[in-house]
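The values are calculated or read from the model by the stated rules, or taken from the named source; none is laboratory data. On a predicted model such as this, the values are computed, not experimentally measured, just so you know. All Cβ positions, even for glycine, are placed from backbone atoms using ideal geometry, and neighbour counts span all protein chains on display.
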């Protein structure tokens, strides 16, 4: 049962981050693509905006794919956590903890979740298990 629980956590977070990356990279799912996301990033002081939008999108997309598959799970977790740390530092941190005030509550939950997966392992239903990687 534990392995099924790890699968659920990986797939939900992983698929959502595939979507986040696709928003930034391709403008899918209501996203603004590299140009629009880059303009917004510039407005919050992240420069160069388009390059950073592509970089963040690639980290989210790759991290999401890897996490969903349970492949190199600690690396996938690091990619996702890094984007969430960036979101906290540049956007949500000054607003306090709670999401109701655009705070860092949600990114912190994501960081804690992927860190737990990195330390626990992806579980039996993962490519890490198939290839005998990590634990």
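With respect to residue 56, is the statement that it is surrounded by fewer than 20 Cβ atoms within 10 Å (Cβ to Cβ) and closer than 30 Å to residue 128 by Cβ true?
No; evaluated as a whole, the condition is false for this residue.
Can you pull out the residues in segment 15-65 that are closer than 19 Å to residue 88 by Cβ and under 10 Å from the mean Cα position of the chain (by Cα)?
Residues satisfying the conditions are 16, 17, 20, 21, 56, 57, 59, 60, 63, 64.
Can you tell me which residue among 47, 10 is assigned to a helix (DSSP H, G or I) and either surrounded by 16 or more Cβ atoms within 10 Å (Cβ to Cβ) or at pLDDT 95 or above (or both)?
10
Of all residues in segment 60-78, which are surrounded by 20 or more Cβ atoms within 10 Å (Cβ to Cβ) and under 21 Å from residue 27 (Cβ atoms)?
60, 61, 63, 64 - these are the residues of segment 60-78 that are surrounded by 20 or more Cβ atoms within 10 Å (Cβ to Cβ) and under 21 Å from residue 27 (Cβ atoms).
Keeping to segment 16-40, report how many residues are in contact with a helix residue (DSSP H, G or I) (Cβ under 6 Å, 6 or more places away or on another chain) and in contact (Cβ under 8 Å) with a residue 24 or more places away in the chain.
The qualifying residues number 6.
Restricting the search to segment 22-43, which residues are surrounded by fewer than 16 Cβ atoms within 10 Å (Cβ to Cβ) and assigned to a helix (DSSP H, G or I)?
Those that are surrounded by fewer than 16 Cβ atoms within 10 Å (Cβ to Cβ) and assigned to a helix (DSSP H, G or I): 26, 35, 39, 40, 42, 43.
What number of residues within segment 97-130 satisfy the criterion of being free of Cβ contacts under 8 Å to residues at least 40 places away in the same chain and closer than 15 Å to residue 69 by Cβ?
So the answer is 1.
So residue 94 passes all but one of these: (1) under 21 Å from residue 41 (Cβ atoms); (2) crowded, with 16+ Cβ neighbours inside 10 Å. Which condition number does it fail?
Only one criterion in (1) under 21 Å from residue 41 (Cβ atoms); (2) crowded, with 16+ Cβ neighbours inside 10 Å is unmet by residue 94, namely (2).
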